[in-house]
Amino acid sequence: MTTESISLERVGFPKIDAPRERPALDGDEYRRRMRLLLDAAGANAVVVYGDREHCANLVYCCGFDPRFEEALLVLTSSSASLIVGNEGLDYAKLLPVELEVILAPSLSLLGQSRSEGHTLVEALAMAGLKPHASVGIVGWKYFTSEEMPVSDPPLAVPSFVLVAVKAATHGGDVHDATPVVMGPETGLRASNSADELALFEWGAARASAAVARVIAAASPGTSEEEAVASAGYAGEPLTAHVMFASGSGLVGLRSPTERLLRDGDAVTTAIGYWGGLCSRAGVLASRNGGDAFERDLARPYWRAIASWYEAVGIGVRGGDIDAEIRSILNGGRIRPALNPGHLTGVDEWIHSPIRPESSDLLRSGMALQCDIIPVGGDPAWASNCEDTIALADDALRAELRRCHPAVWTRIEERKRFMRDTLGIRLRDDILPLSGTNAYFPPYWLSPDLAFVKA
């Protein structure tokens, strides 16, 4: 694709049909996941760790997200137990699957009573950990031998969990089972069912609608906080802090402040709900005839975005996508700050098959962020166009169409917009889950202007 094949046109914001009713997963789905995890871990038992910031693996396995405390899911061939602190005890009554719930007040916050329940070692034994058992531990990340050049890389769970597991098993064999869940190609969470994709679409579509409202509200003299207040947040579970930044040299990760927006500011915002994050960045201005920002950053950046959507697909190597996007951006003297795309879900970033020289193949069922953050340009400018897609083969698309017809209708409308209006050659196996996939208005005061392929 040449730069000259791209133009900025007054196409109008795409219709964002944000779903109201949130799909739900049933107990059978969670029981299936727990069986798969135990079988794949190659151990007598599996312990899955979770806390307020690292809840996604627990949510995936059993639908439980700790709100204040840590929690442990313990799986054996004959039992499934959830160990919680004081405040998790009542919250566990909302579980979508039947588990034995065990109170271990050591998981509670400081100062709370420890007079009832069991010690953590006792709770683990009650949950089925046997002396000398082999136990797979699922933490919130795992380490490669390159980054941890030691014979026994550490596990990404608090040390007290490992101490308690060792004590409950009398020194049993403990190994890291996190790659079974979070591996970038074959991890359990790398592939999603039709029901899970419908749930992700709920979050991704609502996040894109919220970002569209923020862009519409942003204007000179409005504060960052006032712009973000227009998002219409309704309590959706978040994957990240709500972000908004403005001004030259902005730091995109920061939260909104009382700073008043000024004409010509660089601006960025990001809102992520369970299922997908949406981000947009540009300048707070109206187009004035194709300035340096448009020529040197916005246009080559969207060229990479359009190329990403045309490059991804089932069976494509992640390393090939990475190389293509880096080559395109390098032609515009910019580069991606991080991986140009990654797996997403309940947590915003699970892992990424899209890495330099990665041989990981993109697979049916993957939920991916088109997440290309350009760096190296003028600090007075900003560009970002991040949204969520899924990959689905014929069988998965047929199941989604049959079981979630409203979701399928929205996906089909988005595909038509991307193909017919934006001119992107979208493969059939790509399912846009956001309401604004590839729609990039670089000038926030002209939000109906977006790049298209001629």
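When the range 273-282 is filtered for residues that are touching a helix residue (DSSP H, G or I) at 6+ places or on another chain (Cβ under 6 Å) and either closer than 19 Å to Ala218 by Cα or not assigned by TED's automatic domain parsing to the domain that holds Glu9 (or both), the ones remaining, listed by number, are Cys278, Arg280.
Screening Ala306 on (1) in contact with a helix residue (DSSP H, G or I) (Cβ under 9 Å, 6 or more places away or on another chain); (2) within 22 Å of Ala390 (Cβ to Cβ); (3) not hydroxyl-bearing (Ser, Thr, Tyr) shows it passes everything except condition (1).
Scanning the range 420-454 for residues that are modelled with pLDDT under 95 and touching a Leu at 6+ places or on another chain (Cβ under 7 Å) returns no hits. Determine whether Val46 is in contact (Cβ under 8 Å) with a residue 40 or more places away in the chain and in contact with a strand residue (DSSP E or B) (Cβ under 9 Å, 6 or more places away or on another chain). For Val46, the condition - in contact (Cβ under 8 Å) with a residue 40 or more places away in the chain and in contact with a strand residue (DSSP E or B) (Cβ under 9 Å, 6 or more places away or on another chain) - is met. Here the range 255-292 is the region considered, the condition is being of a type in the set (Ser, Thr, Tyr) and closer than 21 Å to Val375 by Cα, and the residue that is nearest to the chain's Cα centre (by Cα) is Ser279.
Conditions tested, residue by residue: (1) buried (at least 16 other Cβ atoms within 10 Å of the Cβ); (2) farther than 30 Å from Asp26 by Cβ.
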{"residue": "Gly85", "(1), (2)": "yes, no"}
{"residue": "Glu98", "(1), (2)": "no, no"}
{"residue": "Ser108", "(1), (2)": "yes, yes"}
{"residue": "Leu124", "(1), (2)": "yes, no"}
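Residues that are within 24 Å of the chain's Cα centre (by Cα) and modelled with pLDDT of 95 or more number at least 1 in the following helices (runs of 4 or more DSSP H) confined to the range 1-110: 27-41, 56-62. A single entry from Gly187, Gly252 fulfils the requirement of being under 16 Å from the mean Cα position of the chain (by Cα), within 30 Å of Asn57 (Cα to Cα) and in contact (Cβ under 8 Å) with a residue 24 or more places away in the chain: Gly187. With respect to the conditions (1) of a type in the set (D, E, K, R); (2) under 26 Å from Asp17 (Cα atoms); (3) in contact with a helix residue (DSSP H, G or I) (Cβ under 8 Å, 6 or more places away or on another chain), Arg213 lacks only one, and its number is (3). Consider the range 162-171 and keep the residues that are at pLDDT 95 or above and assigned to a loop (DSSP other than H, G, I, E, B). The one that is nearest to the chain's Cα centre (by Cα) is Thr169. Exactly one condition in (1) within 23 Å of the chain's Cα centre (by Cα); (2) under 19 Å from Trp202 (Cβ atoms); (3) touching a residue at least 40 places away in the same chain (Cβ under 8 Å) is not met by Cys403; state its number. All conditions pass for Cys403, except number (1).
In the range 268-297, which residue that is assigned to a loop (DSSP other than H, G, I, E, B) and hydrophobic (A, V, I, L, M, F, W, C) is surrounded by the fewest Cβ atoms within 10 Å (Cβ to Cβ)? So that I can check it myself, show each step before the final result.
Taking the range 268-297 as the starting set, the residues that turn out to be assigned to a loop (DSSP other than H, G, I, E, B) are 274-275, 284-291.
Those left that are additionally hydrophobic (A, V, I, L, M, F, W, C): 274, 284-285.
Details: Trp274: 25, Leu284: 23, Ala285: 19.
Checked the range 268-297; the qualifying residue surrounded by the fewest Cβ atoms within 10 Å (Cβ to Cβ) is Ala285.
A quick yes/no check of all residues on (1) surrounded by fewer than 23 Cβ atoms within 10 Å (Cβ to Cβ); (2) in a helix (DSSP H, G or I):
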{"residue": "Pro131", "(1), (2)": "yes, no"}
{"residue": "Phe160", "(1), (2)": "yes, yes"}
{"residue": "Thr186", "(1), (2)": "yes, no"}
{"residue": "Arg189", "(1), (2)": "no, yes"}
{"residue": "Ala198", "(1), (2)": "no, yes"}
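Go through the range 309-321 residue by residue and tally those that are in contact with an Asp or Glu (Cβ under 8 Å, 6 or more places away or on another chain) and part of a helix (DSSP H, G or I). Quick ask: steps written out before the conclusion?
Filtering the range 309-321 for residues in contact with an Asp or Glu (Cβ under 8 Å, 6 or more places away or on another chain) gives 311, 313-314, 317-319.
When the remaining residues are screened for being part of a helix (DSSP H, G or I), the result is 311, 318-319.
Within the range 309-321, residues that are in contact with an Asp or Glu (Cβ under 8 Å, 6 or more places away or on another chain) and part of a helix (DSSP H, G or I) number 3.
Conditions (1) among the β-branched types (Val, Ile, Thr); (2) in a helix (DSSP H, G or I); (3) modelled with pLDDT under 95; (4) surrounded by fewer than 22 Cβ atoms within 10 Å (Cβ to Cβ), marked per residue:
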site	(1), (2), (3), (4)
Asn330	no, yes, yes, yes
Arg333	no, no, yes, yes
Asn339	no, no, no, no
Arg355	no, no, no, yes
Arg363	no, no, no, yes
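Of all residue pairs spaced 6 or more apart or on separate chains, those with beta-carbon atoms under 7 Å, a first member in the range 18-43 that is crowded, with 20+ Cβ neighbours inside 10 Å and a second member that is of a type in the set (Val, Ile, Thr) and in a helix (DSSP H, G or I) are Leu37/Val180; Leu37/Val181; Ala41/Val180.
One line per residue, one yes/no per condition, for (1) among the hydrophobic types (A, V, I, L, M, F, W, C); (2) surrounded by fewer than 17 Cβ atoms within 10 Å (Cβ to Cβ); (3) in the same structural domain as Gly315 (by TED's automatic domain parsing):
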{"residue": "Val181", "(1), (2), (3)": "yes, no, no"}
{"residue": "Ser193", "(1), (2), (3)": "no, no, yes"}
{"residue": "Ile215", "(1), (2), (3)": "yes, no, yes"}
{"residue": "Ser219", "(1), (2), (3)": "no, yes, yes"}
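I'm trying to understand the selection: among the residues of the range 307-347, which are within 18 Å of the chain's Cα centre (by Cα) and among the β-branched types (Val, Ile, Thr)? Across the range 307-347, the qualifying residues are Val312, Thr344, Val346. The lone criterion from (1) in contact (Cβ under 8 Å) with a residue 12 or more places away in the chain; (2) closer than 21 Å to Ser191 by Cβ left unmet by Gly331 is number (2).
The values are calculated or read from the model by the stated rules, or taken from the named source; none is laboratory data. What you see is a predicted model, and the numbers here were worked out from it, not measured in a lab. As a convention, Cβ positions derive from the backbone with ideal geometry for all residues, glycine included, and neighbour counts pool all protein chains shown.
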